[in-house]
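Visitor: Here you go, one structure.
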Amino acid sequence: MTGAGFAALLAREGFDVFAGVPCSLIEDLIAALEADPRLPYVEAVREDVAVGLAAGAWLGGRRPVVLMQNSGLGTSLNALASCSLMYGLPALLIVTWRGQGGKDAPEHLLTGAITEPLLGLLGIPHRVLSAASAEADVRWARDEMDARRQPVALVVPKGAFSPEGASAGAARARSATSLGVVSDTSEERLAPRISRFEAIAAAMKEVADAAVVSANGYPSREACAVADRPQNFYMIGSMGLASSIALGVALARPARRTVVLDGDGNLLMNLGVIANIAALAPKNLVHCVFDNEAYGSTGNQRSASAHVRLDRVAAAAGYRTVAAADGTDAVAASLRAMLAADGPHFLLVKVTREEADVPRIPHSPHAIRDRFRAALGAS
């Protein structure tokens, strides 16, 4: 079985967006995906980022595949448990089986021994892929993930793919990402003058019919209290994944503006996503970070953003525009301008550590999923 042949099989069964972290056991499959412009492949910075991106892509109406080495299951545990499985977000996991049968480098042996038990503990159905049963395996995976509304896995043993030399080919060219206008990133320290609730209220007045993905904890609770709407996807768990999910939504629905309401703690936990967003350059994405320099939901412990200006990180990565704000008028004006122009855009909003007295999200995870997907026209 060749990588190109398996990629074509996945495409025939309706899989249409791919994200992952490389493994040598599937290098030819990844090379085939990189070389085929009909099969979009995202080089995720981490496996949990790929899981989040797949979640957003499915919400936007796509059928996603996540590729990872079995060591990536460990990296993805929280994303799978408190996002994909909790909300019921289907994806096909292509998991390579390093360390199978105790025959591999030392660092792979334990992970190889627990790969299948780990999938079992997560409640993720799986099959071991083989060339002889590949068509049946992919069809089974498609039917299972659609019927169960959850991830399923195909475990890839060593030797499943025959070398074909595709990995030596050049990856397909991506649209160029250029540094655009970068504004308001001076050395002057921003002074927090408004609460996150006030900032979110100002932002929600500008989003119109945009899809909004808000980070877990108080950003989601406050966004829900300010303007509960079907176009809002509230993160309940999976800290750090809001930006990855929003990226998946933006890629799946390029004609729809997508706004992510992030927090400094959330973004720092998943800082590499900045590179993925800048590299893919979705024109319809606005990344808004409310920075109180603290982990608010756990007692206001200090975060590293007290010493690192996150807008400068975004500017260095290559977001088209970057701005910073510390007042409601500036928040509104910046978002208005960003939503009217091609992105990706990054807006840093310095806020106080004050937290509004707002209730928890009143909707179940499945209700959040279903009404958001329907609002995107992807049901």
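The values are calculated or read from the model by the stated rules, or taken from the named source; none is laboratory data. Computed from a prediction, not measured in an experiment: that's the story for all the values here. Here the Cβ is made from the backbone with ideal geometry for all residues, glycine too, and neighbour counts use every protein chain on show.
Visitor: When residues of the stretch 301-319 are filtered for being in a strand (DSSP E or B) and either not polar (S, T, N, Q) or not assigned by TED's automatic domain parsing to the domain that holds Val286 (or both), how many remain?
Guide: Within the stretch 301-319, residues that are in a strand (DSSP E or B) and either not polar (S, T, N, Q) or not assigned by TED's automatic domain parsing to the domain that holds Val286 (or both) number 1.
Visitor: Next up: Taking Ala8 as the residue in question, decide whether it is surrounded by fewer than 18 Cβ atoms within 10 Å (Cβ to Cβ) and among the aliphatic types (A, V, I, L, M).
Guide: It is true that Ala8 is surrounded by fewer than 18 Cβ atoms within 10 Å (Cβ to Cβ) and among the aliphatic types (A, V, I, L, M).
Visitor: Test each condition in (1) surrounded by fewer than 20 Cβ atoms within 10 Å (Cβ to Cβ); (2) touching a Cys at 6+ places or on another chain (Cβ under 7 Å) for Ala255 and report the one that comes out false.
Guide: (2)
Visitor: Sticking with this structure for a sec: Of the residues that make up the stretch 255-268, is at least one closer than 26 Å to Glu354 by Cα and of a type in the set (Gly, Ala, Ser)?
Guide: Yes, the stretch 255-268 contains at least one residue that is closer than 26 Å to Glu354 by Cα and of a type in the set (Gly, Ala, Ser).
Visitor: Spot the failing condition for Ile30; the list is (1) part of a helix (DSSP H, G or I); (2) buried (at least 20 other Cβ atoms within 10 Å of the Cβ); (3) modelled with pLDDT of 95 or more, and only one is missed.
Guide: (3)
Visitor: Kindly establish whether Arg127 is in contact (Cβ under 8 Å) with a residue 24 or more places away in the chain, assigned to a strand (DSSP E or B) and more than 18 Å from Phe18 (Cα to Cα).
Guide: yes
Visitor: Further question: Tally up the residues in the stretch 334-345 that are within 20 Å of Arg312 (Cα to Cα) and either in contact (Cβ under 8 Å) with a residue 60 or more places away in the chain or part of a helix (DSSP H, G or I) (or both), please.
Guide: Residues flagged as within 20 Å of Arg312 (Cα to Cα) and either in contact (Cβ under 8 Å) with a residue 60 or more places away in the chain or part of a helix (DSSP H, G or I) (or both) within the stretch 334-345 amount to 7.
Visitor: Also, quick follow-up: Would you confirm whether or not the stretch 361-375 contains a residue that is within 15 Å of Asp262 (Cβ to Cβ), outside any strand (DSSP E or B) and assigned by TED's automatic domain parsing to the domain that holds Ala255?
Guide: The answer is no, given that none of the residues of the stretch 361-375 is within 15 Å of Asp262 (Cβ to Cβ), outside any strand (DSSP E or B) and assigned by TED's automatic domain parsing to the domain that holds Ala255.
Visitor: Would you point out the residue of the stretch 314-369, among those that are basic (Lys, Arg) and within 23 Å of Ala225 (Cα to Cα), that is surrounded by the most Cβ atoms within 10 Å (Cβ to Cβ)?
Guide: Lys350
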